Amino acid sequence: MDELVSLCKRRGFVFQSGENYGGLQGVYDYGPLGVELKNNLKNAWWSSMVFERDDIEGLDAAILSKKEVFKYSGHEETFSDPLVDCKTCKSRWREDLVVDKKCPGCGSGDLTEARPFNLMFKTPVGPVESEEGFAYLRPETAQHIFTSFKNVQDSTARQIPFGIAQIGKAFRNEINPRNFIFRLREFEQMELEYFVKPGEDESALDYWCEQRLLWWKKQGIRSSSLETYDVPKDELAHYSKKTIDIMYRFPHGLEELEGIANRTDFDLGSHTKNQKDLLLSAQVTENEESTMRLAAQDLEAKTWYVPYVIEPSAGVDRGVLAVLNEAFAVENVGEGKERTVLKLKPHLSPIKAAVIPLKKNKEELVMLAKEIKQGLQSLGIGRVFLENTGNIGKAYRRHDEVGTPICITVDFDSLENQTVTIRDRDTMEQKTVGISELQQLYISALK
Ligand code: GAP
């Protein structure tokens, strides 16, 4: 982990947030290359969920949430970790981190009994702070998918089965954020809520487990680094009938990368009941069907039912850590020398190609390199970087370290013969190609 953290900082992937003020625990900033990698991972997820299928719609709901949403979702009552205080060093720990009734910080045995600590962040809304006037920062993106279910369904005329996908920030006041970007207080999730008829939920859960494992493999994660974990009944979240976790061998151990839960009709059901109560208390004399606002209609039986939902929920930051860890390698390149290389899948690489003029002060070379860069950039595949440092060896080393799949060197032959040298990141092989072939080669290298 230390080598990875150091690479992330040195090359501008991830930094501690507010570092110059000592850092805010559990909060990180993504730097120039980190933001590209993270966006590429999110785009790959979005593409596989929304663009490549015909049964899923997208959503980007608000982060600030009315407190009723998390009251009726059950989070106010149950979204807590048991917390233990050390009376000696005044530190606080999640109960599961306390071994042999000893404080993990100072070793003292003088600990309080465990008590529940709610993980949701509250923030005042409006100019007057009061007990009542607050909103929650959502602890999962899922709830607004449920509360927006009817709006999405009505505006798209979707019939069950269909899904709603969302990527966005979530916030949890974790007691012990740790392991770099693994456990954070501010993080991102990629969540799909896939609505099915009751009775079709169990096969849908199996289907989504398979799909999600395949997707992680497409992001470059080896099968041997993944495992599934059938969460035991007494560890299930309050809404879940069954959950399968996709576990990844992180540098600090085998831990959850994504959870796939059968949330049954728990969420739509509890928001529906609340909606009905609200409508009735406002003395709206609607018939039973129209008060069931979060229900779906069985067109054949002409009855209403609350759909079940299968939820594949993946952490973006854990995904970034997993693909970085998987791609990271230190290789022997002969003569006692080593190189560090990130063998990222090309679609995830922050920089797709580096164009390098052999000499930084040779105007004709730089002009031609700029032209080549613009041509490749206009293909819209991702960031193409003009690397005008004048030191080819260093440029190759830097681009190996940040996972750039190809480097294109512009030299004096380029001016005379209209050729460039392409170097492949993984094999380090170099070949001379005509500039006229470059765009096609670039497209095939990035597939
Ligand atoms: N909507 C369901 C849900 O939120 P979860 O298992 O609590 O379920 C889903 O979270 C995923 O979100 C996890 O598998 C993990 O990848 C990510 N995640 C959860 N808490 C996190 C944290 N504190 N820091 C980073 N990622 C987190």
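Each of N361, S414, L321 was scored by the projection of its Cα onto the charge dipole of region 296-414, and the greatest displacement toward the positive side belongs to N361; charges sit on the C-beta of Lys, Arg, Asp and Glu. Separation of region 309-364 from region 1-52 is 13 Å, based on Cα centroids. Can you find, among L376, L348, Y442, the residue sitting farthest towards the positive end of the charge dipole of region 338-447, where Lys and Arg contribute +1 and Asp and Glu -1 at Cβ? Going by the charge dipole, the pick is L348. Each Lys or Arg adds one and each Asp or Glu subtracts one; over the other residues with Cβ under 14 Å from the Cβ of H144, this totals -3. Under a 10 Å cutoff between Cα atoms, tell me which one of S148, S80, S436 has the largest fluctuation in the Gaussian network model of the chain. Maximum among the listed residues: S436. For the chain, the residue among T112, I145, S155 whose Cα projects farthest onto the positive side of the dipole built from Cβ charges is T112. Note on region 351-445: antiparallel DSSP beta bridges, both residues inside, total approximately 55 percent of the bridges counted. By a 1.4 Å probe calculation restricted to protein chains, L64 has an accessible surface near 100 Å², given to the nearest 10.
Ligands, DNA and RNA left out, the 1.4 Å accessible surface of the chain is 48% carbon and sulfur atoms.
Between L205, L321, L236, the residue with the greatest mean-square fluctuation in the GNM of the chain (Cα pairs under 10 Å linked by springs) is L236. For region 21-42, backbone nitrogen atoms closer than 20 Å to the point 7 Å from F117 Cα along Cα-to-C-beta are found at 23-28.
Taking Cβ-Cβ under 4.7 Å as the only way to count a partner, pick out the unpartnered cysteines of the chain. Cys with no partner Cβ under 4.7 Å: C8, C209, C407. Taken along the Cα-to-beta-carbon direction at a fixed 7 Å, the label points for L415 and E129 span 6.7 nm. Within the shell defined by Cβ-Cβ distances under 15 Å, the residues around N417 carry a net charge of -4, with Lys and Arg each +1 and Asp and Glu each -1.
Spacing of the modelled spin labels on D60 and K343, each 7 Å from Cα toward Cβ, amounts to 3.6 nm. The mean accessible area for residues of the chain, using a 1.4 Å probe and ignoring ligands and nucleic acids, is 49 Å² per residue. When the residues W304, W93, W215 are ordered by accessible surface, computed with a 1.4 Å probe over the protein chains alone, the sequence from largest down reads W304, W93, W215. The sum of -39500 (n - 2.57) across all DSSP H runs of n ≥ 4, divided by the residue count of the chain, sets its helix-only mean residue ellipticity at 222 nm to -9000 deg cm²/dmol.
For the residues T340, T409, a 1.4 Å probe over the protein chains yields an accessible-area ranking, largest first, of T340, T409. Per-residue surface analysis assigns R383 an accessible area of about 90 Å², computed on protein heavy atoms at 1.4 Å probe radius. Under a model in which nothing but the beta-carbon of Lys, Arg (+1) and Asp, Glu (-1) is charged, region 67-209 shows a dipole of about 500 debye around its Cα centre.
Dipole magnitude for the chain: about 1400 debye, using +1 per Lys or Arg Cβ and -1 per Asp or Glu Cβ, origin at the Cα centre. Between the C-alpha center of region 376-447 and that of region 221-247 there is a gap of 42 Å.
At the residue level, M367 shows approximately 110 square angstrom of accessible surface with a 1.4 angstrom probe and all protein chains present. Placing S378, S240, S130 in order of accessible area, with the largest value first and a 1.4 Å probe, yields S378, S130, S240.
How much length, in nm to one decimal, is gained on full extension between K447 and Q374, taken as 0.36 nm per residue of separation minus their Cα-Cα distance?
24.3 nm is the gain from fully extending K447 to Q374.
The values are calculated or read from the model by the stated rules, or taken from the named source; none is laboratory data. None of these values were measured; they are calculated from a predicted model. All Cβ positions, even for glycine, are placed from backbone atoms using ideal geometry, and neighbour counts span all protein chains on display. We work out accessible area using only protein heavy atoms, side chains counted, and drop any ligands, DNA or RNA first. Shrake-Rupley method; radii C 1.70, N 1.55, O 1.52, S 1.80 Å.
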